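Trainee: Please see the structure below; I have some questions.
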Amino acid sequence: SHDKITAHLAKKLGIVVVSVEYRLAPEHKFPAAFDDSITATKFFLQNAEKYNVDPARIGISGDSAGGNLAAAVTLALAKENNLPKLKTQALIYPVLQAFDFKTPSYIDHGHLWPDTKDMMVSAWLWYLNDDVSFKEVFKANNHTSDQLKKSQYAGYVDHKMVQPNLQPKVVTTVKKEDIEFPDIPNIATILDPRFAPLMADDSDLKGLPPTYMLTCEYDVLQNDGIMYATRLERAGVE
């Protein structure tokens with residue numbers, strides 16, 4: 001779907017562009033797309049010189065779902081010690097969390113086509129468990145328990161990051177093994193940074209490469225990008 005724009009970028013910028021044809025949901029649920037993306041990225045990092053590419057000058061980028069995968073791969077590769085480090089990540093209106101579907105941008109812009117709140121929740125469910133019967137549960141934020149809503153994960157999507165006049169959310173740190181989840185298939189996955197990068201712990205954000213973040217004003221995903229950019233900045237990322 002991105003052949004034309006990637007070819008345009010390669011020609012205009014004089015760079016090598018590798019576009020990953022990762023497997024798609026709902027036929028292939030998580031972690032298929034992530035696995036394909038990180039496998040391809042590792043291969044290119046290990047073999048960059050065969051393509052006349054300096055391994056010290058490789059960046060990663062993606063838009064929407066691709067932004068999710070670019071951010072997830074960047075987080076995972078930061079823990080690898082035997083590979084060249086990514087030079088940068090460019091995240092274009094990325095999809096970053098399935099924890100809170102009542103952020104200000106979801107509330108304000110959830111009715112706008114094409115990425116309506118209804119469509120985004122459906123897409124998350126296709127990727128999670130391919131069971132859209134839980135759509136209304138997710139849209140109402142009833143897919144997270146009261147315990148989760150008071151945990152550090154709720155702090156990762158604190159609305160104060162987009163509405164500074166609010167009081168910061170008071171949270172309690174909980175271990176994943178102690179968390180109570182509703183009876184929804186694969187629901188614990190919403191806390192996995194490979195699935196939802198905004199759920200990465202603060203310590204995992206430190207040392208990530210310089211980041212370019214682009215968000216759209218009238219978009220349900222706007223707050224996701226602002227929250228992630230804010231947390232990256234707090235972690236010392238350029």
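The values are calculated or read from the model by the stated rules, or taken from the named source; none is laboratory data. Nothing here was measured: the structure is a model prediction, and the numbers come from that model. So basically every Cβ, Gly included, is an ideal-geometry build from the backbone, and we count neighbours across all protein chains shown. These accessible areas exclude ligands, DNA and RNA; they are computed on the full protein's heavy atoms, side chains included. Shrake-Rupley method; radii C 1.70, N 1.55, O 1.52, S 1.80 Å.
Trainee: If the requirement is being within 30 Å of Pro164 (Cβ to Cβ) and either among the hydrophobic types (A, V, I, L, M, F, W, C) or open to solvent by less than 60 Å² (accessible area, probe 1.4 Å) (or both), which of these qualifies: Ala56, Ala48, Ala98? I'd like the intermediate steps shown before the answer.
Mentor: Working: Ala56 fails: within 30 Å of Pro164 (Cβ to Cβ); Ala48 fails: within 30 Å of Pro164 (Cβ to Cβ).
On inspection, the qualifying residue turns out to be Ala98.
Trainee: I need the full set of residues from segment 186-207 which are more than 11 Å from Ala78 (Cβ to Cβ) and in a loop (DSSP other than H, G, I, E, B), in order please.
Mentor: Within segment 186-207, Asn186, Asp192, Arg194, Phe195, Ala196, Asp201 qualify.
Trainee: What pairs come up if the first residue lies in segment 4-17 and is closer than 22 Å to Leu45 by Cβ, the second is outside any loop (DSSP other than H, G, I, E, B) and open to solvent by 100 Å² or more (accessible area, probe 1.4 Å), and their beta carbons are under 7 Å apart, counting only those six or more places apart or on different chains?
Mentor: Listed by first residue and then by second, the contacts come to Val16/Tyr51.
Trainee: Among the numbered criteria (1) touching a residue at least 40 places away in the same chain (Cβ under 8 Å); (2) assigned to a helix (DSSP H, G or I); (3) within 17 Å of the chain's Cα centre (by Cα), which single criterion is violated by Phe101?
Mentor: Looking at each condition in turn, Phe101 falls short on (2).
Trainee: May I pose another question? Report yes if some residue within segment 143-164 is surrounded by 17 or more Cβ atoms within 10 Å (Cβ to Cβ), within 21 Å of Leu77 (Cβ to Cβ) and touching a helix residue (DSSP H, G or I) at 6+ places or on another chain (Cβ under 7 Å); otherwise report no.
Mentor: Checked against the condition, which is being surrounded by 17 or more Cβ atoms within 10 Å (Cβ to Cβ), within 21 Å of Leu77 (Cβ to Cβ) and touching a helix residue (DSSP H, G or I) at 6+ places or on another chain (Cβ under 7 Å), segment 143-164 yields at least one hit.
Trainee: Would you say Val170 is touching a residue at least 12 places away in the same chain (Cβ under 8 Å), surrounded by 16 or more Cβ atoms within 10 Å (Cβ to Cβ) and part of a loop (DSSP other than H, G, I, E, B)? Spell out the reasoning first.
Mentor: On the way: touching a residue at least 12 places away in the same chain (Cβ under 8 Å): yes; surrounded by 16 or more Cβ atoms within 10 Å (Cβ to Cβ): no; part of a loop (DSSP other than H, G, I, E, B): yes.
In short, no.
Trainee: So, restricting to helices (runs of 4 or more DSSP H) that lie completely within segment 1-92, which ones have at least 3 residues that are charged (D, E, K, R)? Quick ask: steps written out before the conclusion?
Mentor: Numbers: elements: 3-13, 32-47, 65-77.
Fully inside segment 1-92 and qualifying: 3-13, 32-47.
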